[in-house]
1. Springs between alpha-carbon pairs under 10 angstrom, Gaussian network model over the chain: which of Ile119, Ile206, Ile49 fluctuates most?
2. Treat each spin label as a single point 7 Å out from the Cα along the C-beta direction, and report the Asp61 to Asp124 distance in nm.
3. So what are the three principal axis dimensions of the chain from its Cα atoms, in whole Å, longest to shortest?
4. Could you give the length gained by full extension between Arg37 and Tyr13, i.e. 0.36 nm per residue of separation minus their alpha carbon distance, to one decimal place?
5. Restricting attention to segment 52-87, which GluC sites (Glu not before Pro) occupy a DSSP loop and are surrounded by at most 14 other Cβ atoms within 10 Å?
6. With springs connecting C-alpha atoms under 10 Å apart, model the chain as a Gaussian network and identify which of Arg59, Arg88, Arg103 has the largest mean-square fluctuation.
7. When the chain is modelled as a GNM with alpha-carbon springs shorter than 10 Å, which of Ala40, Ala74, Ala11 fluctuates the most?
8. Could you give the nm distance between label points at Glu170 and Asp23, where each point is 7 Å from its Cα heading toward the beta carbon?
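Here, each number is a calculation from the coordinates, and none is a lab measurement. No experiment lies behind these values; they were computed from the predicted model shown. Please note: Cβ atoms are built from the backbone with ideal geometry, for glycine as well, and neighbour counts cover all protein chains shown.
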Amino acid sequence: MSALELEDVNAYYGNSHILYDLDLHVDQNEVVALLGRNGAGKTTTLRSITGTIPRREGRIDFRDESIVDDSVDAISNKGIKLVPEERRIFPTLTVQENLMLSRDSCKGESRPIEEMYDIFPILDDLRGNNGQNLSGGEQQMLSVARALVQSPDLLLLDEPTEGLAPVIVEDLEEILKDIVSEDVTVLITEQNVEFALELSERAYIIESGENAWDGTIEELRDREDLLEKYLSVG
Ligand code: ATP
């Protein structure tokens, strides 16, 4: 069953046309990577799905129902949760308060906060610490936990490894592997291609807001030409 389906999606910031006839689909319980260079349009694609962009057109279906005319809140209430690149946590609230606020603002089903501490043991030790006193890696864990406590059906991860130390990236990879083995569908954007390939089953490459390639991760691993041309990995 298709969880998410984008067809001929165009997106704009004011007069700037950013996405051109973009097609993409993610099946239920699938993990799909959205790859491309800086500025290719990955974040804009995620914002088109969550509705947080001034203007987008085309077909965007979630579980075979159109969400393209839905409000940002309505889309979130349907179970689509974004972990944004800029890690939106509350700096003057504690880890526990950040999680509680996220849980309580969720209209649908939520998960117990204690479960988040089982998944992210590092946060367990930091329950009483303010968001602003966490390291970049800890903030990223909290940002993912804030999305996860809302029991998402579709989790959108925007460059989760951005700015993280390699050892933290490894921890995050292990945690996300556990999460994706559960009943959750994931679309992940990354510039750290190796990280994305480790987690995903299929990938899309976009370039200047257009589809450039899509296929399985096994296919992509053999395509050094693509990795070099679109992803600066060689
Ligand atoms: P990055 O890794 O830099 O986030 P990306 O692939 O996610 O890259 P986007 O952030 O989607 O790319 O940006 C796509 C294009 O849209 C870029 O040319 C960018 O300059 C432009 N853009 C992004 N946000 C805005 C905005 N708020 N207003 C105008 N143009 C924007």
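1. Checking each option, the largest mean-square fluctuation is seen for Ile119.
2. It is 4.3 nm.
3. 46, 41, 35
4. Separation in residues times 0.36 nm, less the Cα-Cα distance, equals 6.7 nm.
5. Taking segment 52-87 and a limit of 14 other Cβ atoms within 10 Å, the loop GluC sites (Glu not before Pro) found are Glu86.
6. Arg88
7. Looking only at Ala40, Ala74, Ala11, the largest GNM fluctuation is found for Ala74.
8. Distance between the two pseudo-spin positions: 4.1 nm.
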